[in-house]
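Beneath this line is the structure, given in structure tokens, with notes to follow.
The values are calculated or read from the model by the stated rules, or taken from the named source; none is laboratory data. Nothing here was measured: the structure is a model prediction, and the numbers come from that model. For neighbour counting, all protein chains shown are included, and Cβ atoms are generated from backbone atoms with ideal geometry for every residue, glycine included.
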Amino acid sequence: MTLLERCRKGEILVADGAMGTMLFERGLRPGMSPESFLLSHPETVREVSREFLEAGADILHTNTFGGSPLKLAEFGLADKTGEINWVGAKIVREVAGGSAIVAGSCGPSGQFMEPYGDISQAEMRDNFKRQVEALVEGGIDVLTIETMMDVREATVAIQAAKEVAADLVIIASMTFDETSRGFYTVMGTNIEEAAEALEETGADIVGSNCGDGIEKMVKIAKAFRSVTSLPVLIQSNAGKPEAGSGGLSYPESPGFFTEHVAALVELGVAIIGGCCGTTPAHIHVIREMVDRAKL
Amino acid sequence: MEVLAKISEALQRGDEKTVSTLTKQALDSQVPPREILDNGLVAGMDVVGRQFAEHAIFLPEVLMAARAMYAGLDLVKPLMEGEDIPSAGKIVLGTVQGDLHDIGKNLVGIMLRGAGMEVVDLGKDVPAERFVETAASEDADLIGMSALLTTTAPVMQEVIDLLRERNLQGKIRTIIGGAPVTDRFAEKIGADAYAFDAARAVEVVKQMVSGDQ
């Protein structure tokens, strides 16, 4: 059964957690491109995906969040776009075997489109096309366009993906901040506007990832459910990270996730996963809560 | 003065062309550059900053307003060189080494320029040494550092240690910000100040500089 068929049947799927956070614990250093690890340390990336699979994830994301050429150019790696995305897809494909769904991760370009920045719409479309082409060739099942803050950039990415493969299943996920006027992206788009624009452009599944902890994600999920009939994806981070002398620290433990994941299940969210700071232990909790709902 | 109010309004709309035209007009009719800066450009950015803090406007409006502000600044600044007026303060700004995220830092830069400060922007991925050397050679009042990643935030400590080593602590003060940074962290590493967001950064920096006497 395909992802969309499973969603239609009312199955709740579990997605994986944070790839970047896990890689930072396994040797990735600040200032390095997390995607470069695909070429230098493929085994490490494979290991992280395997851990998420074992924790109960139905959907595994590729380590290609910053894999569009505009983003890779920040590390002088734009010319490796094809290789990085192809290898990224291959590795997860191997881990997934016949059981898990392979989702190509596609994050923001890091650039503003005209008139706020220098990138034209055509350049942005080409940027995402180059990434998606390699991901598709590497064997992804679906594409996750995620952590988008500019709904225009997200829609251009959707268009680019459709040009590469018209029947590719597309998940489009944005990041919202809570303001006194409700949830908005930093560019000023609210949830209703975002859902409408993404759906209109051809997203099959819409939702939100990253943000500011799972409690706010429950509110975001509720808002999405009230404005769209598409399946909704929610991938929360483990709270706002805090710098300490030891480095990383995310405040929300797997235990803290429990009741809020139950709330997401209750709201009818179709795909629940993690973002920054979530570990296999968080994903295990999501798996348990989702399974409990089946009983 | 009516033209200054118009400059401020055009800036708030992000109307680069009108800000440029009106600034030229004002200069032609002998309005002192300092007044154009303070009561036109800075006044306009002040409104933009407040609206952004209140979520009445978002990043696109701020970026367009900033563009309009720079159009005015480019005309006014050269005429102010050599003017013996105390600057509103000078800050060296950058994202710490290893961190390539700079939207937040850029916003702070825009807002501080909009508050009439001199900003030396070192960009992203800035090593500790460069912060300190630039601040010393530029005779800056402050170093402003930003980090988005939890893994890069500790680099801020190096800058503060370097300032201490070179007896510059107190003379060049530090303000830090970014997603993983908290006031607790600022206190722990000995930073002089912390700001939650760009709007707050401007408030804090203004206080720090005016407290200098």
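Give all pairs with beta carbons closer than 9 Å in which a residue from the range A:248-275 that is under 19 Å from A:THR175 (Cβ atoms) meets a residue that is modelled with pLDDT under 95 and part of a strand (DSSP E or B); count only pairs at least 6 apart in sequence or on separate chains.
So the pair list comes out as A:CYS275/A:CYS210.
Which members of the range A:31-48 meet the condition of being charged (D, E, K, R) and in contact (Cβ under 8 Å) with a residue 24 or more places away in the chain?
Residues satisfying the conditions are A:GLU35, A:ARG46.
Return the total of residues in the range A:156-170 being over 17 Å from the mean Cα position of the chain (by Cα) and either in a strand (DSSP E or B) or β-branched (Val, Ile, Thr) (or both).
Of the residues in the range A:156-170, 1 are over 17 Å from the mean Cα position of the chain (by Cα) and either in a strand (DSSP E or B) or β-branched (Val, Ile, Thr) (or both).
Counting only residues that are part of a helix (DSSP H, G or I), closer than 29 Å to B:ARG130 by Cβ and within 14 Å of another protein chain (Cβ to nearest Cβ), how many does the range B:64-96 have?
Count: 3.
Does B:LEU163 count as more than 9 Å from chain A (Cβ to nearest Cβ), closer than 18 Å to B:ASN106 by Cβ, crowded, with 18+ Cβ neighbours inside 10 Å and modelled with pLDDT of 90 or more?
Against the criterion (more than 9 Å from chain A (Cβ to nearest Cβ), closer than 18 Å to B:ASN106 by Cβ, crowded, with 18+ Cβ neighbours inside 10 Å and modelled with pLDDT of 90 or more), B:LEU163 does not qualify.
For the range B:165-185, give me each residue that is without any contact (Cβ under 8 Å) to a residue 24 or more places away in the chain and not small (Gly, Ala, Ser). Walk me through how you get there before you give the answer.
Pass one, the range B:165-185, residues without any contact (Cβ under 8 Å) to a residue 24 or more places away in the chain: B:165, B:167, B:169-171, B:182-184.
Answer for the range B:165-185, where residues must be without any contact (Cβ under 8 Å) to a residue 24 or more places away in the chain and not small (Gly, Ala, Ser): B:GLU165, B:ASN167, B:GLN169, B:LYS171, B:THR182, B:ASP183, B:ARG184.
Being within 13 Å of chain A (Cβ to nearest Cβ) and outside any helix (DSSP H, G or I) is the filter here; which residues of the range B:29-58 pass it?
B:GLU54, B:HIS55, B:ALA56, B:ILE57, B:PHE58
At least 2 residues that are in contact with a helix residue (DSSP H, G or I) (Cβ under 6 Å, 6 or more places away or on another chain) in each: list the strands (runs of 3 or more DSSP E) lying fully within the range A:171-253 that qualify.
Ranges flagged: A:205-210, A:232-236.
If you go through the range A:277-293 one residue at a time, do you hit one that is within 22 Å of A:GLU51 (Cβ to Cβ), at pLDDT below 95 and of a type in the set (Gly, Ala, Ser)?
Yes: one or more hits.
Here are some residues: A:LYS71, A:LYS80, A:LYS90, A:LYS9. Which one is more than 17 Å from the chain's Cα centre (by Cα) and within 22 Å of B:HIS101 (Cβ to Cβ)?
Every option except A:LYS80 fails the conditions.
Just to be sure I understand, how many residues within the range A:159-174 are surrounded by fewer than 22 Cβ atoms within 10 Å (Cβ to Cβ) and either among the aliphatic types (A, V, I, L, M) or under 21 Å from A:ILE220 (Cβ atoms) (or both)? Walk me through how you get there before you give the answer.
From the range A:159-174, those surrounded by fewer than 22 Cβ atoms within 10 Å (Cβ to Cβ) are A:159, A:162-169; that's our starting set.
Still in the running and either among the aliphatic types (A, V, I, L, M) or under 21 Å from A:ILE220 (Cβ atoms) (or both): A:164-166, A:168-169.
The total comes to 5.
For the range A:110-132, state whether one or more residues are farther than 20 Å from A:MET149 by Cα and more than 14 Å from chain B (Cβ to nearest Cβ). Steps first, please.
Here is the first cut: in the range A:110-132, the residues farther than 20 Å from A:MET149 by Cα are A:130.
Now narrow it down to the ones that are more than 14 Å from chain B (Cβ to nearest Cβ): A:130.
Looking through the range A:110-132, at least one residue is farther than 20 Å from A:MET149 by Cα and more than 14 Å from chain B (Cβ to nearest Cβ).
Taking into account only those residues within the range B:166-181 that are more than 9 Å from chain A (Cβ to nearest Cβ) and small (Gly, Ala, Ser), which is farthest from A:PHE24 (Cα to Cα)?
Looking at the filtered set, the residue picked out is B:GLY170.
Given A:GLY182, A:GLY188, A:GLY139, which one is surrounded by fewer than 24 Cβ atoms within 10 Å (Cβ to Cβ), on the phi > 0 side of the Ramachandran plot and away from chain B (no Cβ under 12 Å)? I'd like the intermediate steps shown before the answer.
Numbers: A:GLY182 fails: away from chain B (no Cβ under 12 Å); A:GLY188 fails: away from chain B (no Cβ under 12 Å).
Sole residue among the options that is surrounded by fewer than 24 Cβ atoms within 10 Å (Cβ to Cβ), on the phi > 0 side of the Ramachandran plot and away from chain B (no Cβ under 12 Å): A:GLY139.
Does B:GLU61 fit the bill of being in contact (Cβ under 8 Å) with a residue 24 or more places away in the chain, within 12 Å of another protein chain (Cβ to nearest Cβ) and under 26 Å from A:PRO108 (Cα atoms)?
Yes: the conditions hold for B:GLU61.
What residue, of B:ALA140, B:ALA193, is buried (at least 22 other Cβ atoms within 10 Å of the Cβ) and at negative phi? Reasoning before the result, please.
Working: B:ALA193 fails: buried (at least 22 other Cβ atoms within 10 Å of the Cβ).
Just one listed residue meets the conditions, B:ALA140.
Yes or no: A:PHE24 within 14 Å of chain B (Cβ to nearest Cβ) and buried (at least 16 other Cβ atoms within 10 Å of the Cβ)? Step through it out loud before you land on a result.
Details: within 14 Å of chain B (Cβ to nearest Cβ): yes; buried (at least 16 other Cβ atoms within 10 Å of the Cβ): yes.
Against the criterion (within 14 Å of chain B (Cβ to nearest Cβ) and buried (at least 16 other Cβ atoms within 10 Å of the Cβ)), A:PHE24 qualifies.
Confirm whether B:LYS105 is buried (at least 24 other Cβ atoms within 10 Å of the Cβ), modelled with pLDDT under 95 and not assigned by TED's automatic domain parsing to the domain that holds B:VAL48.
Values: buried (at least 24 other Cβ atoms within 10 Å of the Cβ): yes; modelled with pLDDT under 95: yes; not assigned by TED's automatic domain parsing to the domain that holds B:VAL48: yes.
Answer is yes for this residue.
Looking at the range B:144-154, which of the residues that are crowded, with 24+ Cβ neighbours inside 10 Å and hydrophobic (A, V, I, L, M, F, W, C) is farthest from the other protein chains (Cβ to nearest Cβ)?
B:MET145
Which members of the range A:100-124 meet the condition of being assigned to a loop (DSSP other than H, G, I, E, B), among the small types (Gly, Ala, Ser) and modelled with pLDDT of 95 or more?
Matches in the range A:100-124: A:ALA100, A:GLY107, A:SER109, A:SER120.
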